[in-house]
Ligand SMILES: *Cc1c(COP(=O)(O)O)cnc(C)c1O
């Protein structure tokens, strides 16, 4: 490019333009990737611009020789995060979104159209439940909710069924669903179906994170996840991701482009720089803490039951040992536990509220708040908080106890968490 340096207004133009290529700015030599913040890209020539538009949706072209045009279409920092997340989940391609819900709604909408049918587990994240009950019917898509743990999926499937959707561990009950068993049953159903009629299995892997569980290795087609939780780690950033086969890349990218829930480069950056590199260390620590806190609660006289996949008393402990494994194969039951206090449902509920209120006011190591995967231990009441979109009758049917308490362990010393929990239990 030739600059007109002798123009009297050159410097003013320079302040706006700078120099587009300088030896100071070589991407590949960054130890920490740059936080790119350009919405638009210089395409150089009309021909190159046309080529950029033409390559949209072609994964190989977009990643091997990308022609960036506009941030909502594709972006290098976000692209780096997508590649790393796909690798972490052992999937083919990753597509990042502004939030977990943007990812979940994009995936489930891109894969369905009016007349289609979805089978979903009966206990799922509150907003996903709202998506399936408020918005899917408006799009002409029917959703059947069933208790998928041990369910006969073959009897629930219709000719129009396109998706089987669930979370495991189930939020908040920490019940598990056998990923491999579901995939095997669906594979059998798919034997009789044409390529475009196959039932696809989606797992929301937010609770476990890829460090603890990789559903794609058990045969799942897609993983969706909120990056806001374990992958952020510090409660400072929102994001979501879809990971799945290259075959569906174009459809999901098209949906993201047109509905616009993209993750910007600046917002991809913290996941790339802080969240992912600290994931294993944080989870190893919080898992160990969750194990100790769960063991303490399990022997406490005021506690009716504790559900934590890492406890031998968990009804599906064997399944937990099978499907929740870190990359080196060690048992990785994640760091969220759920417990119910003794008494009738009404008593348990009021005691649970009392305990949480006491901890919120007096304990340093517990924070009464929704979410999980934070460096601070978060405690909450699912029945009146995260799962309030589900009616009380449906909550009970889905195993959500009115008096259940969810704890998402943070990085505090476990001794302090146990001591403060013990004092809180004394007060109720
Ligand atoms: C938080 C959460 C979501 C939604 O993610 P956002 O980033 O808040 O949109 C979806 N599924 C599960 C299991 C979650 O915990």
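The values are calculated or read from the model by the stated rules, or taken from the named source; none is laboratory data. Because the structure is predicted, anything quoted here is derived from the model rather than measured. Cβ sites come from the backbone with ideal geometry, for glycine too, and all protein chains shown count toward neighbours.
Taking residue 115, is it outside the structural domain of residue 305 (by TED's automatic domain parsing), touching a helix residue (DSSP H, G or I) at 6+ places or on another chain (Cβ under 6 Å) and either touching a residue at least 24 places away in the same chain (Cβ under 8 Å) or in a strand (DSSP E or B) (or both)? Spelling it out, it is not the case that residue 115 is outside the structural domain of residue 305 (by TED's automatic domain parsing), touching a helix residue (DSSP H, G or I) at 6+ places or on another chain (Cβ under 6 Å) and either touching a residue at least 24 places away in the same chain (Cβ under 8 Å) or in a strand (DSSP E or B) (or both).
Quick grid of which residues meet (1) assigned to a strand (DSSP E or B); (2) surrounded by fewer than 20 Cβ atoms within 10 Å (Cβ to Cβ):
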position	(1), (2)
72	no, yes
77	no, no
83	no, yes
86	no, no
91	no, no
94	yes, no
103	no, no
107	no, no
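Could you tell me whether residue 300 is crowded, with 21+ Cβ neighbours inside 10 Å and away from the ligand (no atom under 16 Å from the Cβ)? Taking the combined requirement at face value, the residue does not satisfy it.
Given the structure, is residue 79 under 18 Å from the mean Cα position of the chain (by Cα), more than 12 Å from the ligand (Cβ to nearest atom), closer than 22 Å to residue 200 by Cβ and touching a residue at least 12 places away in the same chain (Cβ under 8 Å)?
Numbers: under 18 Å from the mean Cα position of the chain (by Cα): yes; more than 12 Å from the ligand (Cβ to nearest atom): yes; closer than 22 Å to residue 200 by Cβ: no; touching a residue at least 12 places away in the same chain (Cβ under 8 Å): yes.
It is false that residue 79 is under 18 Å from the mean Cα position of the chain (by Cα), more than 12 Å from the ligand (Cβ to nearest atom), closer than 22 Å to residue 200 by Cβ and touching a residue at least 12 places away in the same chain (Cβ under 8 Å).
Filtered by the rule that a residue be assigned to a helix (DSSP H, G or I) and either out of contact with any strand residue (DSSP E or B) (no Cβ under 6 Å at 6 or more places or on another chain) or within 15 Å of the ligand (Cβ to nearest atom) (or both), region 354-386 gives 354, 355, 357, 358, 361, 362.
Within the group 116, 122, which residue is under 19 Å from residue 169 (Cα atoms) and touching a strand residue (DSSP E or B) at 6+ places or on another chain (Cβ under 6 Å)? Please lay out each step first, then the result.
Numbers: 116 fails: under 19 Å from residue 169 (Cα atoms).
After applying the criteria, what remains is 122.
For region 302-328, the set of residues classified as in a loop (DSSP other than H, G, I, E, B) and either in contact with a helix residue (DSSP H, G or I) (Cβ under 9 Å, 6 or more places away or on another chain) or at pLDDT below 95 (or both) consists of 302, 308, 309, 310, 311, 313, 314, 324, 326, 327, 328, listed by residue number.
Scan region 225-246 and give yes if some residue there is more than 16 Å from the ligand (Cβ to nearest atom), over 14 Å from the mean Cα position of the chain (by Cα) and not assigned by TED's automatic domain parsing to the domain that holds residue 412, otherwise no. Yes; the residues of region 225-246 include at least one that is more than 16 Å from the ligand (Cβ to nearest atom), over 14 Å from the mean Cα position of the chain (by Cα) and not assigned by TED's automatic domain parsing to the domain that holds residue 412.
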